1. 7 Å from Cα along Cα→Cβ at both HIS22 and ASP59: what's the point-to-point distance in nm?
2. Run the dipole for the chain about the Cα centre, Lys and Arg Cβ at +1, Asp and Glu Cβ at -1, nothing else charged, and hand back the magnitude in debye, nearest 20.
3. May I ask which of LYS234/LYS292; LYS131/LYS183; LYS16/LYS63; LYS234/LYS281; LYS115/LYS209 have a Cα-Cα span longer than 24 Å here?
4. Tell me which aspartates and glutamates have Cα within less than 12 Å of LYS229's Cα, excluding those fewer than 8 residues away on the same chain?
5. Give me the percent relative contact order of the chain, please, defined on Cα pairs under 8 angstrom at least 6 residues apart.
6. With N denoting the number of residues in the stretch 192-231, provide Rg(C-alpha) divided by 2.2 N^0.38 Å, to two decimal places.
7. Let's see if you can work this out: charge +1 on each Lys and Arg Cβ, -1 on each Asp and Glu Cβ, no other charges. What is the dipole magnitude of the stretch 192-231 about its Cα centre, in debye to the nearest 20?
8. Ignoring solvent entirely, what values of log10 I(q)/I(0) come out of the Debye formula for the stretch 153-309 at 0.18 Å⁻¹ when each Cα is a single scatterer?
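Any read-out appearing in this document is the output of simple, stated calculations on the displayed coordinates, not a laboratory observation. Quick caveat, the model's predicted, so the values are computed rather than measured. We place every Cβ from the backbone using ideal geometry, glycine too, and count neighbours over all the protein chains shown.
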Amino acid sequence: MASRMAAARYETTSVKIDAGEHRFTVAASKTVFDGFLNVYTDDEDQIEKNVLMKNLDTDTRLKFSSFEADQHFTQPAPHYTEASLVHDLEALGIGRPSTYAPTISTIMARHYITKENKSLYITELGQAVNKMMMEAFPQIVDVNFTSNMEALLDGIADGDVKWKTVIENFYPDLNDAVKAAEKELEKVQVQDEVTDEVCELCGRNLVIKYGPHGKFLACPGFPECKNTKPYFEKIGVACPKCGKDIVLKRTKKGRIFYGCIDNPNCDYMSWQRPVSKKCPKCGGVMYAKNSKLACGNPECGHVEDKETK
């Protein structure tokens, strides 16, 4: 629903403060039109209120109070979240609101990226495919090409550009590049990840492989040994019912839930992610909810902040 709504609008105020030979700058923003934020708000969309911006004009004289010295170290750029990725795609003129969600879901389904908490991480397969595409199609795998093509498609829709002209200028070079890539590029080889689980048939350590429906465990002795098993991602928490591992699972519609690896012998499941820490009040199971930890016992209701490292 949010992808079909108008963009939010903000009013930004910037103040420059002259103090002798020095100039300081402070800025603050406030939302003047909620737009899509009415139905979708991410942590990055929160705008902090700046009380220093109240009652300021060009004749305001400020009184020095104190300086606070703070040392900052260079930090790597944060990983993309779905919200920040959509923000950059929109800023670069790539795609349309209706294409953002399918784009992200497609590259996740093909295991080019993976999502942990809210952050997106490129996989080994994604790195290999990206390198191959950059070598074979440098002019196409480019943000400027994509945004220019979007503008041409808009021109075709408006009747200002002939579609045959666009195809005549684009297709021959693409066709040559594809033929050259088929001859010159090697197949993408991704090293299988070895696990601690042992094959019941031949005794080898099973490896993680990718299939049409995601990861699965397979014996590296194929084709002599064709043993395969479902792959479950362990979250490092013991099942509160039987003590075995809790694993991450998905419903047929892709919704994430947490269940015991010994299912169906153990029927434990939860939509919320359990943690290893027990409730300090009643000893019950604690669950992670955004930036909080909450006790799963409704009669207890204990809530606390997550510990940050």
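1. Each label point is offset 7 Å from its Cα along the Cβ direction, giving 2.8 nm.
2. Details: 40 positive and 44 negative charges, 272 e Å.
Dipole of the chain, to the nearest 20 debye: 1300 debye.
3. Values: LYS234/LYS292 21 Å; LYS131/LYS183 17 Å; LYS16/LYS63 15 Å; LYS234/LYS281 27 Å; LYS115/LYS209 18 Å.
Over 24 Å Cα-Cα: LYS234/LYS281.
4. Output for LYS229: GLU197, GLU200.
5. After rounding, I find 6 percent.
6. My calculation over the Cα atoms of the stretch 192-231 gives 1.03.
7. 160 debye
8. -1.13
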